[in-house]
Amino acid sequence: MPEVPRVFLSYAREDIKHVRKIRDFLQRSGVDTWWDKDDILPGQRWQALMETELASSDFVAGCFSIRSVNKRGYVQQELKLAREFGKKMLDNDIYFIPILLEECELPASIASYHAVNFFSPDGPR
């Protein structure tokens with residue numbers, strides 16, 4: 001892994017305020033982040049770029065809320081693709097990190113991952 005880890009942030013647009021806080025925290029901590037809000041330039045083909053960035057990231061932070069777990073669309077596509085890339089890792093490699101933005105039930109396909117509780121009054125755990 002490089003000296004500065006790169007984290008791909010996957011989220012539902014409705015959760016952008018929370019994800020911005022996570023991105024800011026990670027960047028202040030010296031972590032390089034990628035998220036579509038700032039890192040897709042006009043005219044870029046976003047789907048190909050997303051696949052390239054997922055493949056080159058050291059970690060994927062999947063941000064979950066009641067809105068994202070019940071939403072169809074690009075967020076689900078990103079999460080499925082991230083899990084596909086994760087299948088190439090060793091069983092004890094950490095690649096996919098679920099972040100709970102609020103109390104919600106993780107999808108069954110992700111429930112076996114230990115999640116960070118961003119919403120906890122004591123801060124992330």
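Put simply, the amide H of F96, placed in the peptide plane, has neighbours under 5 Å in V60, leaving out anything fewer than 5 places away on its chain. Using the basic label-point model (7 angstrom from Cα toward the beta carbon), what is the R67 to S109 distance in nanometres? About 2.2 nm, to one decimal.
A Gaussian network model of the chain, with springs between Cα atoms under 10 Å, assigns the largest mean-square fluctuation among F25, F96, F59 to F25.
Other residues with beta-carbon under 10 Å from the beta-carbon of S109 carry, at +1 per Lys or Arg and -1 per Asp or Glu, a net charge of +2. Counting only GluC sites (Glu not before Pro) that sit in a DSSP loop (anything but H, G, I, E, B) with at most 14 other Cβ atoms within 10 Å, what is the longest stretch of the chain containing none of them? Longest run free of exposed loop sites: 4-101. Once the 1.4 Å probe is applied to the protein heavy atoms, the range 1-70 comes out at 57 Å² accessible per residue. Note on K88: aspartates and glutamates with a C-alpha under 18 Å away, same-chain residues under 8 apart excluded, are E51, E53, D58, E78. Taking Cα centre as origin and charging only the Cβ of basic (Lys, Arg, +1) and acidic (Asp, Glu, -1) residues, the dipole magnitude of the range 48-99 rounds to 360 debye. When only the Cβ of Lys, Arg, Asp and Glu is charged (+1, +1, -1, -1), the dipole of the chain relative to its Cα centre reaches about 320 debye. One decimal place: the segment D91-S120 gains 7.6 nm when fully extended, by the rule 0.36 nm per residue minus the C-alpha distance. Loop-located trypsin sites (Lys or Arg not before Pro) in the range 19-91 (DSSP state other than H, G, I, E, B) with a sparse environment of at most 15 neighbouring Cβ atoms within 10 Å: R45, K71, R72, K87, K88. By accessible area, using a 1.4 Å probe on protein heavy atoms only, the chain has 52% of its surface on carbon and sulfur.
Entry note, the chain: the mean residue ellipticity at 222 nm calculated from DSSP H runs of n ≥ 4, each adding -39500 (n - 2.57), is -10000 deg cm²/dmol after division by the residues and rounding to the nearest 500. Taking D24, D38 and ordering them by how much accessible surface each has at a 1.4 Å probe, largest first, produces D38, D24.
The values are calculated or read from the model by the stated rules, or taken from the named source; none is laboratory data. No experiment lies behind these values; they were computed from the predicted model shown. Positions of Cβ are generated from backbone atoms using ideal geometry, with glycine treated the same way; all protein chains shown enter the neighbour counts. Heavy atoms of the whole protein, side chains included, go into the accessibility calculation; ligands, DNA and RNA do not. Shrake-Rupley method; radii C 1.70, N 1.55, O 1.52, S 1.80 Å.
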